[in-house]
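The values are calculated or read from the model by the stated rules, or taken from the named source; none is laboratory data. Predicted, not measured: the structure shown is a model, and the values here were computed from it. Cβ placement follows ideal geometry from the backbone for every residue including glycine, while neighbour counts extend to all protein chains displayed. Protein only, heavy atoms only, side chains kept; ligands, DNA and RNA dropped before computing areas. Shrake-Rupley method; radii C 1.70, N 1.55, O 1.52, S 1.80 Å.
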Amino acid sequence: MHYYPPPCLWIVIPCYNEESVLPLTAPLFLSEIESLASSGIISSDSRICLVDDGSTDCTWRIISGLVESSSQFVGVALSRNYGHQNALLCGLMEAKSNCDIAISIDCDGQDDIHAIRKMIALFEEGSEIVYGVRSARTTDTWFKRMSAEMFYRAMNKLGANVIFNHADYRLLSKKALNELSKFDERNLFLRGLIPLIGLPSSTVDYERTERIAGKSHYPLKKMLHLAADGITSLSTKPIHFISIVGILFGCIGILGLIWTFVTFILGNSVTGWTSTLSAIFMLGGLQLLSLGIIGEYVGKLYLESKKRPRYIVKERKGELGNE
Ligand code: UDP
Ligand code: MG
């Protein structure tokens, strides 16, 4: 069964310093969208929306060139680097009023574009959200695979429900996009937010390949940041955990006091400097950690309360489909 008339698709692609890869992948996206349109799966006014996330290289110049070369390309430049999640949200919000479905994908060619076809098929069967799930990570390094797996497991344990091995390659229907636009938070972690929308969803497996060119913007440090952001913006379990640990240590303290009192009564002399000192250090460390975690949440509250814009668009290029 085909959606009638064919849906207007926007492929949303955030790009940050991708001058080495964009000229290689942009033609692939274009030929995919053209072949989908010619087989009547999507409408001919579908678009590829390239969001330049404040790149410092020639990325915007390349995007401008693409927009001039084909009316299927639309370019949006942000005023500075806002980070992957914000750039992606910007593209999705640009797409929202112009498309029937939007698919977000990275510009480095790592996500298999042939999955787009399957995603649209599932949309036609009634899914409002289709998650792209990586079936193989054979081309990623062992370390990246391990750290990513730990990331998903830790996230789920800590109460942020994310789809295993799903990054930001997904289809969202207009309805899902409209619902997403109601989430007003500044600490964006789309992978955790989208499942909260709760509309009918399904998954498509694809194989993740190697980056065609350029290098990853997600080294370990940024991955850890993303994980911490994801957990603290979606769950308050860590704070709960702190209370439990606090109570536990309080009880151990009381037991220790009773023990000291008993040994004092029995007349045994108190020895063991080091153990006392290590206990102090351990508790001190634990307290600092707890304060740090609480501080993370207070910091988030502080940023949320400012209600700063999540991104600022500097420039737009290209024709929107249905105007
Ligand atoms: N990206 C972005 N802003 C940033 C960092 C990355 O828009 O501050 C884009 C980047 O151009 C790419 C996508 O986000 O299209 C994913 O980044 P990358 O491929 O470096 O991450 P990885 O695939 O290694 O996790
Ligand atoms: Mg990548």
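Before we move on, is C15 farther than 22 Å from N178 by Cα, buried (at least 22 other Cβ atoms within 10 Å of the Cβ) and touching a helix residue (DSSP H, G or I) at 6+ places or on another chain (Cβ under 9 Å)?
When the stated conditions are applied, C15 passes them.
Can G132 be described as crowded, with 24+ Cβ neighbours inside 10 Å and either of a type in the set (V, I, T) or on the phi < 0 side of the Ramachandran plot (or both)?
yes
In segment 267-323, what residues are at pLDDT 85 or above and touching a strand residue (DSSP E or B) at 6+ places or on another chain (Cβ under 8 Å)?
Hits for segment 267-323 are Y311, I312, V313, K314, E315, R316, K317, G318.
Looking at E94, E125, E68, E149, can you tell me which residue is more than 23 Å from P200 (Cβ to Cβ), of a type in the set (D, E), away from ligand 2 (no atom under 16 Å from the Cβ) and more than 22 Å from the chain's Cα centre (by Cα)?
Going through E94, E125, E68, E149 in turn, the sole match is E68.
Given the structure, is A227 farther than 22 Å from D100 by Cα, more than 17 Å from the chain's Cα centre (by Cα) and not aromatic (F, W, Y)?
Against the criterion (farther than 22 Å from D100 by Cα, more than 17 Å from the chain's Cα centre (by Cα) and not aromatic (F, W, Y)), A227 does not qualify.
Would you call I48 buried (at least 19 other Cβ atoms within 10 Å of the Cβ), of a type outside the set (F, W, Y), modelled with pLDDT of 95 or more and not in a helix (DSSP H, G or I)?
Yes, satisfied.
Please verify whether R117 is of a type outside the set (G, A, S), over 26 Å from L66 (Cβ atoms) and open to solvent by 30 Å² or more (accessible area, probe 1.4 Å), treating the condition exactly as stated.
For R117, the condition - of a type outside the set (G, A, S), over 26 Å from L66 (Cβ atoms) and open to solvent by 30 Å² or more (accessible area, probe 1.4 Å) - is not met.
Evaluate the following for A176: is it open to solvent by less than 20 Å² (accessible area, probe 1.4 Å) and in contact (Cβ under 8 Å) with a residue 40 or more places away in the chain?
Judged against the criteria, A176 is a match.
Could you please tell me which pairs satisfy a Cβ distance under 7 Å, a separation of 6+ or placement on different chains, a first residue in segment 86-111 that is open to solvent by 10 Å² or more (accessible area, probe 1.4 Å), and a second residue that is away from ligand 2 (no atom under 16 Å from the Cβ) and among the aliphatic types (A, V, I, L, M)?
N86/L188; E94/V76; K96/L177; N98/L320
Please state which of the following conditions P5 fails to meet, knowing it meets all the rest: (1) assigned to a loop (DSSP other than H, G, I, E, B); (2) in contact with a Ser or Thr (Cβ under 8 Å, 6 or more places away or on another chain); (3) away from ligand 1 (no atom under 16 Å from the Cβ); (4) open to solvent by less than 40 Å² (accessible area, probe 1.4 Å).
(4)
Quick check on my filter: what residues within segment 178-214 are under 20 Å from S233 (Cα atoms) and either touching a Cys at 6+ places or on another chain (Cβ under 6 Å) or among the hydrophobic types (A, V, I, L, M, F, W, C) (or both)?
Hits for segment 178-214 are L180, F183, L188, F189, L190, L193, I194, L196, I197.
Out of curiosity, is R80 assigned to a loop (DSSP other than H, G, I, E, B) and basic (K, R)?
Here the answer is yes, as R80 does meet what is asked.
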